[in-house]
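Colleague: Quick one: the structure is below, questions incoming.
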Amino acid sequence: MTQVKLAPSILSADFARLGEQVNEAIDAGVEWLHVDVMDGHFVPNITIGPLIVEALKPIARRRGVLLDVHLMIEEPDRYLEDFIQAGADIVTVHVEACVHLHRTVQRIKELGARAGVTLNPATPLVTVEEILPYVDLLLIMSVNPGFGGQKYIPTSTAKIARARQMIDQVNPNVELEVDGGIKAHNAAEVVRAGATVLVAGSAIFNKERSVAENVAAIRQAIAEITP
Ligand code: DX5
Ligand code: ZN
């Protein structure tokens with residue numbers, strides 16, 4: 001059984017020391033780097049563009065981690081090429097932002113990246129049922145997207161468990177990623193429900209403890225659980 005992957009969200013990192021912080025996380029054994037792209041329209045916040053992905057690309061390639069790009073933007077089709085050229089290995093789009101989701105997913109794959117789809121907490125799972133055979137990843141948002149450091153929405157756990165059932169039935173190769181409010185204290189609950197990739201921002205990059213200590217705490221919390 002492959003181990004659960006950790007995808008630290010750089011949104012909570014110190015951007016003046018981004019390379020250093022990312023290298024600390026990779027030293028601590030994380031597999032992916034999660035990049036939260038926000039446009040001020042789909043979500044209230046504005047964050048990262050392709051330039052940051054491009055800056056991370058040499059580190060990611062050298063150290064063998066994947067760049068996991070989460071697009072919280074309207075009309076994501078307009079920017080797929082830019083992000084994939086910049087180095088995105090996985091591009092995840094919101095079902096709420098895509099009128100022709102199947103076309104968008106095909107385009108991501110044609111451009112050479114893995115395709116992910118995600119849905120906001122109040123969007124039912126049935127909206128991804130038809131696209132599951134075509135994607136590499138399903139991301140369950142466990143907070144309303146827009147900001148790091150929010151509280152995990154408790155009903156997400158049941159949704160993750162239902163997503164796991166759906167994936168097992170339709171396309172078992174799909175990674176089940178969860179994003180928002182994941183900490184050492186609830187990581188086990190999320191993995192038990194069936195997650196294979198955990199995003200964590202404020203639980204990994206914070207002033208209380210080192211990145212290495214924070215990664216170790218999450219790893220420890222899920223050590224005994226088989227997804
Ligand atoms: C939420 C973002 C998340 C967020 C995670 O809009 O998609 O990736 O930064 O941050 P934490 O782990 O602090 O909830
Ligand atoms: Zn995210």
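The values are calculated or read from the model by the stated rules, or taken from the named source; none is laboratory data. Everything quoted here is computed from the prediction, not taken from an experiment. Positions of Cβ are backbone-derived with ideal geometry, glycine not excepted, and every protein chain shown enters the neighbour counts. Note: accessible area is taken over every heavy atom of the protein model, side chains too, but ligands, DNA and RNA are not part of it. Shrake-Rupley method; radii C 1.70, N 1.55, O 1.52, S 1.80 Å.
Colleague: At 1.4 Å probe size, put 5, 109 in order of accessible surface, largest to smallest.
Modeller: 109, 5
Colleague: I want the antiparallel fraction of DSSP beta bridges within the chain, as a percent rounded to 5.
Modeller: Details: 1 of 33 bridges.
Approximately 5 percent, going by the DSSP bridge assignments.
Colleague: Oh, and also: Assuming R0 = 30 Å, what is the FRET efficiency of residue 74 and residue 15, from their Cβ-Cβ distance, to the nearest 0.05?
Modeller: Details: r = 24 Å, r/R0 = 0.80.
The calculated FRET efficiency here is 0.80.
Colleague: If packing is taken as the mean number of other Cβ atoms within 10 Å per residue, what is the order of 64-70, 121-127, highest first? Display every interim value, and only then the final one.
Modeller: Details: 64-70: 23.4, 121-127: 12.9.
Result, highest mean Cβ count within 10 Å first: 64-70, 121-127.
Colleague: Subtract the Cα-Cα distance of residue 223 and residue 130 from 0.36 nm times their separation in residues, and report this length gain in nm to one decimal. Walk me through the intermediate numbers first.
Modeller: Values: separation 93, 0.36 × 93 = 33.48 nm, distance 3.34 nm.
Full extension of this stretch gives 30.1 nm more.
Colleague: Percent relative contact order of the chain, based on C-alpha pairs within less than 8 angstrom and at least six residues apart? If you can, show how the numbers build up before the last one.
Modeller: Details: 455 pairs, mean separation 47.2, N = 227.
Computed value for the chain: 21 percent relative contact order.
Colleague: Leaving ligands, DNA and RNA out of it, report the carbon-plus-sulfur percent of the accessible area of the chain at a 1.4 Å probe. Spell out each step's value before the answer.
Modeller: On the way: 5050 of 10150 Å².
C and S atoms contribute 50 percent here.
Colleague: Right, here's the next one. Here is the link list: 5/57; 5/109; 109/183; 183/207. Which ones come out longer than 26 Å on Cα distance? List each step's numbers first, then the result.
Modeller: Working: 5/57 19 Å; 5/109 22 Å; 109/183 32 Å; 183/207 15 Å.
Too far apart for the 26 Å limit: 109/183.
Colleague: Now for a separate question. With a probe of 1.4 Å, find how much accessible area the chain has per residue, and write the answer as a whole number in Å².
Modeller: Details: 10150 Å² over 227 residues.
Heavy-atom accessible area per residue stands at 45 Å².
Colleague: Residue 54 label point, 7 Å along Cα→Cβ, cut-off 19 Å on backbone N: hits in the range 2-21?
Modeller: Under 19 Å, as judged by backbone N against the label point of residue 54, lie 16, 18-19 of the range 2-21.
Colleague: Taking the Cα-to-Cβ direction at residue 82 and at residue 216 and moving 7 Å from each Cα, how far apart do the two end points lie in nm?
Modeller: Once both label points are built, they end up 4.1 nm from each other.
Colleague: Quick one: what are the phi-derived ³J(HN,Hα) couplings along the range 172-186, Karplus 6.51/-1.76/1.60 with θ = phi - 60°, whole Hz, x for glycine and proline?
Modeller: x, 7, 5, 6, 10, 9, 10, 9, x, x, 7, 9, 4, 6, 10
Colleague: Still on this structure, please answer the following. How long is the range 5-223 along each principal axis, judged by its Cα atoms, biggest number first, in Å?
Modeller: Largest first, the range 5-223 extends 42, 35, 31 Å along its Cα principal axes.
Colleague: Calculate the FRET efficiency for residue 185 and residue 206 from the Cβ-Cβ distance with a Förster distance of 22 Å, rounded to the nearest 0.05. Don't skip to the end; give the middle numbers.
Modeller: Numbers: r = 14 Å, r/R0 = 0.65.
In this case the efficiency is close to 0.95.
Colleague: Give me the tail of P(r) for the range 63-103 as a percent: Cα-Cα pairs with distance above 15 Å.
Modeller: Details: 325 of 820 pairs.
More than 15 Å apart: 40 percent of the Cα pairs in the range 63-103.
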